[in-house]
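The values are calculated or read from the model by the stated rules, or taken from the named source; none is laboratory data. Since the structure is predicted, the reported quantities are computational estimates derived from the model, not experimental observations. In this analysis, Cβ positions are derived from the backbone assuming ideal geometry, glycine residues included, and neighbour counts consider all displayed protein chains.
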Amino acid sequence: MRFALEREPEYQIEEAADGQDAISQIRQVLPDLILMDIQMPEMDGYETLRQIRAHPSCRRVPVVAITAFAMLDDRQKAFEAGFDGYFAKPINIAALRTQIESLLKR
């Protein structure tokens, strides 16, 4: 996913090792969009999202869940938790690009 997206000249990609690393990076540089795995070491994507949304300047940053969980209720759970988008692995890069562009226009 990173390889495909970093080939797009309009995207600048930053990567975090886990949820805590993501929180630290987001506080330093406010991103336009966050693609976040649900299963991460130390802190899962749901807790990371809660912490992102608790930060006033990050409340409106779109966050897309990326996950191996592909059941219908997993998708619903992600949206109920506050994710703005959802993609199950393996990722369809063309569909992901379309959703990224849509979310960035909001």
Within the range 22-42, tally of residues that are in contact with a Cys (Cβ under 8 Å, 6 or more places away or on another chain) and not in a helix (DSSP H, G or I): 1
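Yes/no per residue for (1) assigned to a helix (DSSP H, G or I); (2) surrounded by 15 or more Cβ atoms within 10 Å (Cβ to Cβ):
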residue: 50; (1), (2): yes, no
residue: 53; (1), (2): yes, yes
residue: 66; (1), (2): no, yes
residue: 75; (1), (2): yes, yes
residue: 83; (1), (2): no, yes
residue: 87; (1), (2): no, yes
residue: 96; (1), (2): yes, yes
residue: 101; (1), (2): yes, no
Scope the range 40-75; condition among the polar types (S, T, N, Q) and modelled with pLDDT of 90 or more; matching residues: 48, 51, 67
Write out, first by first residue and then by second, each pair whose Cβ atoms fall under 8 Å of each other, whose residues are 6+ apart or on separate chains, and whose first residue, in the range 31-48, is on the phi > 0 side of the Ramachandran plot while the second is among the charged types (D, E, K, R). 42/18
Among (1) closer than 20 Å to residue 106 by Cβ; (2) free of Cβ contacts under 8 Å to residues at least 60 places away in the same chain; (3) outside any loop (DSSP other than H, G, I, E, B), residue 5 falls short only on (2)
Being assigned to a helix (DSSP H, G or I) and under 14 Å from the mean Cα position of the chain (by Cα) is the requirement here; does residue 60 meet it? no
Of the residues in the range 84-106, those that are of a type outside the set (S, T, N, Q) and in contact with a Gly (Cβ under 8 Å, 6 or more places away or on another chain) number 1
From the list 37, 73, which one is under 20 Å from residue 1 (Cα atoms) and of a type outside the set (A, V, I, L, M, F, W, C)? 37
Subset tally (residues that are more than 20 Å from residue 90 (Cα to Cα) and either touching a strand residue (DSSP E or B) at 6+ places or on another chain (Cβ under 6 Å) or crowded, with 16+ Cβ neighbours inside 10 Å (or both)) for the range 34-45: 1
